[in-house]
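The values are calculated or read from the model by the stated rules, or taken from the named source; none is laboratory data. Values in this document were obtained by computation on a predicted structure and should not be read as measured data. All Cβ positions, glycine included, derive from the backbone under ideal geometry; neighbour counts span all protein chains shown.
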Amino acid sequence: MRDQGLIRPAPALPADGSVETVVLVPYQPLWRRVRARSAGGRRRPLRTIPVDHVRIGARLWVGPVVGAPAAAILVEGLVASGVRKLIVLGICGSLRETARIGDLILVEAAHSAEGTSRHYIPDRAIFPAEPAMLAALRQRLDAAGWPYQQGALVSTDAPYRETPAWIAQWQAAGALGVDMEMAAVYALGVFRGVSVAGLTMVSDELFAGVWRPGFRTTAFRRRCDQVVAEWLRPQD
């Protein structure tokens, strides 16, 4: 049995079982798209962290939240509220020439190069998505007819220290891209027994030895619009 922390997570929501699945949206411009398309939803801050949320049908959407520590605090509060399934819709920088701005990556696993996940499972450095959740995301992508890649990300706390040597290290490890939250959220899911899987959109490119930002490109903005519209549609 794992040691329990002295500080127990407080519920971020009323623990009444009314929310089972949460969609976590770390990236602020993507979250703004969610809010713009959810005029009928209820919006208010969560109890334990100043993060917005909106209830749309049976799902709760939360965001934005940047970085592994903040994401872990948020997810802990959600799990304490009874949430058992978590979808992460995020962004990443590409480490591979095959993954270009606007492309989708279905995140099968996340390598830890951040500091939060080791506090949950210190003897592991890579954390998998929950298979059934991953399969559900894959099915949704296939039904939409969108091309996508599948593979691992690496999560970092230090985006300004993505040096050529660091990028080469994680390319050699097989990572397709880099973000800041996925490894911590996947590790927490394993630790707490919560189903987690994620999908990311490539927002920038790092594989060629220079940084190519794509946040304002038509390809990236169109992909953000498509993903939000698709995931806001009612589920079967």
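Filter the stretch 61-72 for residues that are part of a helix (DSSP H, G or I) and either of a type outside the set (Gly, Ala, Ser) or in contact with a Leu (Cβ under 9 Å, 6 or more places away or on another chain) (or both); which is surrounded by the most Cβ atoms within 10 Å (Cβ to Cβ)?
Out of the qualifying residues, it is 71.
Among the residues that make up the stretch 114-137, is at least one of them in a strand (DSSP E or B) and of a type in the set (A, V, I, L, M)?
yes
Taking the residues in the stretch 1-60 that are of a type in the set (Gly, Ala, Ser) and modelled with pLDDT of 85 or more as candidates, determine which candidate is surrounded by the most Cβ atoms within 10 Å (Cβ to Cβ).
Checked the stretch 1-60; the qualifying residue surrounded by the most Cβ atoms within 10 Å (Cβ to Cβ) is 10.
Exactly one of (1) within 23 Å of residue 70 (Cα to Cα); (2) more than 16 Å from the chain's Cα centre (by Cα) is unmet by residue 146. Its number?
Evaluating residue 146 over (1) within 23 Å of residue 70 (Cα to Cα); (2) more than 16 Å from the chain's Cα centre (by Cα) leaves (1) as the failure.
What do you reckon, is residue 132 over 14 Å from residue 207 (Cβ atoms) and surrounded by fewer than 21 Cβ atoms within 10 Å (Cβ to Cβ)?
In short, yes.
Would you mind finding the one in 163, 156, 116 that is β-branched (Val, Ile, Thr) and exposed (fewer than 15 other Cβ atoms within 10 Å of the Cβ)?
Residue meeting the stated conditions: 163.
Restricting the search to the stretch 171-184, which residues are touching a residue at least 60 places away in the same chain (Cβ under 8 Å), part of a loop (DSSP other than H, G, I, E, B) and over 10 Å from the mean Cα position of the chain (by Cα)?
173, the sole residue that qualifies.
Hey, among 83, 75, 79, which residue is of a type in the set (A, V, I, L, M), at negative phi, in a helix (DSSP H, G or I) and over 13 Å from the mean Cα position of the chain (by Cα)?
From the options 83, 75, 79, the qualifying one is 79.
Quick one: in the stretch 185-210, which of the residues that are assigned to a strand (DSSP E or B) and touching an Asp or Glu at 6+ places or on another chain (Cβ under 9 Å) is nearest to residue 107 (Cα to Cα)?
Taking the candidates together, the pick is 198.
Are there any pairs with C-beta distances below 7 angstrom linking a residue in the stretch 137-159 that is within 18 Å of residue 99 (Cβ to Cβ) to a residue that is in a helix (DSSP H, G or I), with the two at least 6 apart or on different chains, and if so which?
Close Cβ pairs (under 7 Å, with a partner that is in a helix (DSSP H, G or I)) amount to 148/141; 153/182; 154/170; 155/68; 155/182; 155/183; 155/184.
Among (1) in contact (Cβ under 8 Å) with a residue 12 or more places away in the chain; (2) at negative phi, which single condition is residue 209 missing?
(2)
So in the stretch 77-106, with the set limited to residues that are within 14 Å of residue 24 (Cα to Cα) and at pLDDT 95 or above, which one is surrounded by the fewest Cβ atoms within 10 Å (Cβ to Cβ)?
85
Where the second residue is at pLDDT below 95 and in a loop (DSSP other than H, G, I, E, B) and the first is buried (at least 24 other Cβ atoms within 10 Å of the Cβ) and lies in the stretch 185-205, which pairs have Cβ atoms under 7 Å and are six or more apart or on separate chains?
Nothing qualifies.
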